[in-house]
Structures are given as structure tokens and as C-alpha cells.
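Contents: one structure, followed by commentary.
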Amino acid sequence: QVQLVESGGGLEQAGGSLRLSCTASGRIFSSNAMGWYRQAPGKQRELVAGITSGGTTNYADSVKGRFTISRDNAKNTVYLQMNSLKPEDAAVYYCNYADSRRAGAYWGQGTQVTVSS
């Protein structure tokens with residue numbers, strides 16, 4: 001089992017910044033991928049950004065150039081630096097962990113990001 005604990009959400013004005021953190025614990029395999037998804041009311045959950053344990057990253061087109069994902073493998077922690085926030089970035093952000101040894105993925109409880117215009 002893997003447990004994911006997120007932090008860092010909150011209320012920010014448009015144009016501002018927030019940093020999300022997610023720490024994984026439990027049975028962590030060294031080769032894995034972690035990422036951030038978000039879900040706004042009435043919309044499907046979507047990938048925001050992902051990063052492998054080797055450092056390969058990918059981003060949704062809507063956040064490229066504004067968000068940066070990074071990780072500290074020694075701490076099993078992934079970060080999402082969100083700059084130039086827009087009202088459309090408002091959502092519940094979920095941390096995700098997956099590895100090649102197990103089917104499926106693990107999810108955090110979610111952290112709310114609210115952006116005021």
C-alpha cells in the first residue's frame with residue numbers, strides 16, 4: 001500500500017502563486033511516476049503534470065510555462081509550483097502515484113485550490 005498526503009492548497013488571487021506538496025509513504029518502489037491531477041466541479045479529472053523517478057516530466061498544454069513539477073526522491077515528495085494562476089486553475093488537486101509492479105495507482109485525498117479574479 002502507498003499513502004499520499006498533500007498540502008499547500010488555498011486561496012490565491014489571479015496572477016499569484018501556490019506550491020503544492022505531496023509525500024508518499026508505505027511500500028514505495030524506486031522506479032515510479034508521480035503526478036498531479038485536478039478536478040473542477042462538473043468536469044472530469046485531468047492530468048496537470050507528471051514526473052518519473054528519473055526526472056522525465058510532462059504537462060497539460062493549459063499549464064505549460066506556468067506550472068513546474070519537481071520531486072525529491074530521497075523524501076518521496078513531489079511538488080507543483082503554480083505561477084500566474086488563472087481562475088480556470090481552480091479545482092481540487094490530487095496527487096497520484098504509480099509504479100510498474102502494481103496495477104492501478106494510488107491517490108491522495110485532494111487539496112482545494114481557489115483562484116479569485
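The values are calculated or read from the model by the stated rules, or taken from the named source; none is laboratory data. A quick note: this is a predicted structure, and the numbers were derived from the prediction, not measured. So basically every Cβ, Gly included, is an ideal-geometry build from the backbone, and we count neighbours across all protein chains shown. Just so you know, the surface numbers come from the protein's heavy atoms only, side chains and all, with ligands and any DNA or RNA stripped out. Shrake-Rupley method; radii C 1.70, N 1.55, O 1.52, S 1.80 Å.
Can you find, within the stretch 68-91, the residue that is most open to solvent (accessible area, probe 1.4 Å) among those that are closer than 17 Å to THR23 by Cα and among the hydrophobic types (A, V, I, L, M, F, W, C)?
ALA74
Kindly list the number of the only condition in (1) open to solvent by 60 Å² or more (accessible area, probe 1.4 Å); (2) at pLDDT below 95 that fails for GLY65.
(2)
Could you grab me the full set of residues in the stretch 24-45 that are over 16 Å from ALA98 (Cβ atoms) and in contact with a Lys or Arg (Cβ under 8 Å, 6 or more places away or on another chain)?
ARG38, GLN39
Taking the stretch 21-46 as the region of interest, how many residues are closer than 19 Å to ALA74 by Cβ, at pLDDT 95 or above and aliphatic (A, V, I, L, M)?
The qualifying residues number 3.
Search the stretch 78-98 for residues that are within 12 Å of GLY15 (Cα to Cα) and pair each with any residue that is modelled with pLDDT under 95 when their beta-carbon atoms are under 6 Å apart and the residues are at least 6 apart or on different chains.
Pairs found: PRO87/SER117.
In the stretch 21-56, which residues are among the hydroxyl-bearing types (Ser, Thr, Tyr), loosely packed, with under 14 Cβ neighbours inside 10 Å and in a strand (DSSP E or B)?
SER25
Would you point out the residue of the stretch 47-62, among those that are hydroxyl-bearing (Ser, Thr, Tyr) and either out of contact with any helix residue (DSSP H, G or I) (no Cβ under 9 Å at 6 or more places or on another chain) or at pLDDT below 95 (or both), that is farthest from GLY15 (Cα to Cα)?
Ranking the qualifying residues of the stretch 47-62, first place goes to SER53.
Can you tell me which residue within the stretch 99-110, out of those that are at negative phi and at pLDDT below 95, is most open to solvent (accessible area, probe 1.4 Å)? Quick ask: steps written out before the conclusion?
Let us first name the residues in the stretch 99-110 that are at negative phi, namely 99-103, 105-109.
So of that shortlist, the ones also at pLDDT below 95 come out as 99-103, 105.
Working: ASP99: 17, SER100: 110, ARG101: 174, ARG102: 57, ALA103: 104, ALA105: 46 Å².
So the residue we want is ARG101.
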